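Below is one structure, written out as structure tokens; the observations come after it.
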Amino acid sequence: MSNNQNLESSNGKVNNSPENGFNFAYLDEQTKRSIRRTLLKAVAIPGHQIPFSSREMPMSYGWGTGGIQVTASIIGKKDILKVIDQGADDTTNAVNIRRFFVKVCGIETTEKTTEATIIQTRHRIPETPLQEGQIIVYQVPIPEPLRWLESSEIETRKMHALEDYGAMYVKLYEDITRLGDFATTHDYPVMVNDRYIMSPTPIPRFDNPKMNYLPALQLFGAGREKRIYAIPPYTQVKSLDFEDYPFTVEKWDKACEFCGSTESFLDEILIDDLGNKMWVCSDTDYCHQQQVKLEEGRSKKEEGKRKKWMGVVFDTPLRL
């Protein structure tokens, strides 16, 4: 069988049969059962890190092996998979992971957030609101939010057990007094279910509010660190802040160059050697949806003008 036979076609459809020589979703069934048991524990204790036996994958650590193992353990033949990297569907990491699952599962993939049953993501949450029944799997480089304050794994476990999070609040207070604002722009720590401080992965601070009471199931996999944690649907997720200094997200005075959106997370892109820049949506699917809506609005406006003009022409009596 050709290596390219089961890869995505131009319309996103695939041959629903995995390539010979691979177990479905690559991992053996015993490993998948073990990871699913870990996921059940993680869902039962929201935000708490559960150790698991991370397996060797056909890619290096740091390229999403934890998220891939989680996805491989829960994916089924009828699932539709979407993979994004920094919000984009067409980056190297996203394309290769998507092709990997097409090769070992033969499942259908999509670039539309609304069509996907499983969304694997690196460093973003889609702009399109997720719904019940969907699962979002995060690739996690460093799962321990206290590591930058306490390097000892033994001590950080004690701090979680005793809910001793004073050092984290001191760090935030120092940022405000020295810099006038929260200095952390990504991987901003959150409190899950009023109990555990959790790393939301290196998503931008802009995405943190989306995690609060999200209807979708959120799963986090750290392959190199051998940790899994989860947030069940409709769970409270609160970014750390103070009563007199509430949490805020980034804002721009720019609009997307392609769709004109001012509500999405924007990437700043250099376009020439003179330092000129443009701003575009990080989420390519959302940007495409907004462009379609913009074009439909223009078409309706032009149609309205045409009908109005035609009405004026035919309603005006001819003068001889």
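The values are calculated or read from the model by the stated rules, or taken from the named source; none is laboratory data. Not measured: the values here are computed from a predicted model. All Cβ positions, even for glycine, are placed from backbone atoms using ideal geometry, and neighbour counts span all protein chains on display. Surface areas here come from the heavy atoms of the whole protein model, side chains and all, with no ligands, DNA or RNA. Shrake-Rupley method; radii C 1.70, N 1.55, O 1.52, S 1.80 Å.
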Check: Under the Karplus relation 6.51 cos²θ - 1.76 cosθ + 1.60, θ = phi - 60°, what is the ordered set of whole-Hz ³J(HN,Hα) values for the stretch 249-262, x standing for Gly and Pro?
Finding: 10, 5, 9, 10, 9, 10, 10, 4, 5, 9, 10, x, 5, 10
Next item on the list: Take the Cα atoms of the stretch 190-320, find their three principal axes, and give me the spread along each one in whole Å, biggest first.
Entry: 87, 44, 37
Check: Helix 92-105 versus the longest principal axis of the chain: what angle, 0 to 90°, nearest 10, using Cα atoms?
Finding: 80 degrees
Check: Which shape class, rounded, prolate or oblate, goes with the stretch 75-189 when its Cα gyration tensor gives a ≥ b ≥ c as root eigenvalues, a/c under 1.5 marks rounded, and past that a/b bigger than b/c marks prolate?
Finding: prolate
Item checked: Over 26 Å (Cα to Cα) - which of Lys77/Lys238; Lys32/Lys77; Lys78/Lys238; Lys82/Lys300 fall in this group -> Lys77/Lys238; Lys78/Lys238; Lys82/Lys300
Note to self: I need the shape label for the stretch 156-255. Rule: rounded when a/c is under 1.5, else prolate if a/b > b/c, else oblate, with a, b, c from the alpha carbon gyration tensor.
What the structure shows: oblate
Notebook entry, point to check: So what is the orientation-averaged projected area of the chain, using the convex hull of its C-alpha atoms, in nm²?
Noted result: 25.4 nm²
Notebook entry, point to check: Among Gln86, Gln30, Gln120, which one shows the biggest mean-square fluctuation in a GNM of the chain, springs joining Cα atoms closer than 10 Å?
Noted result: Gln30
Check: Just Asn23, Asn208, Asn93 to compare: in a GNM of the chain, with alpha carbon springs under 10 Å, which one fluctuates most?
Finding: Asn23
Notebook entry, point to check: Toward the positive end of the charge dipole of the chain, about the Cα centre and with charges on Cβ (Lys, Arg +1; Asp, Glu -1), which of Leu266, Val70, Ser60 goes farthest?
Noted result: Val70
Checklist line | Nearby lysines by direct alpha-carbon distance to Lys307 (threshold 28 angstrom, same-chain neighbours under 8 apart not counted) | finding: Lys293
Item checked: Computed [θ] at 222 nm, deg cm²/dmol, the chain (DSSP H ≥ 4; -39,500 (n - 2.57); rounded to nearest 500) -> -10000 deg cm²/dmol
Item checked: Per residue value of the accessible surface for the chain (all protein chains in place, 1.4 Å probe), Å² -> 54 Å²
Check: Who wins for biggest fluctuation among Val190, Val102, Val170 in a Gaussian network model of the chain, springs between alpha carbons below 10 Å?
Finding: Val170
Notebook entry, point to check: Nearest-5 percent of antiparallel DSSP beta bridges in the chain?
Noted result: 55 percent
Note to self: If I compute solvent accessible area with a 1.4 Å probe over the protein chains, what percent of it on the chain is carbon and sulfur?
What the structure shows: 52 percent
Check: Where both residues lie in the stretch 133-266, what percent of DSSP beta bridges are antiparallel, nearest 5?
Finding: 70 percent
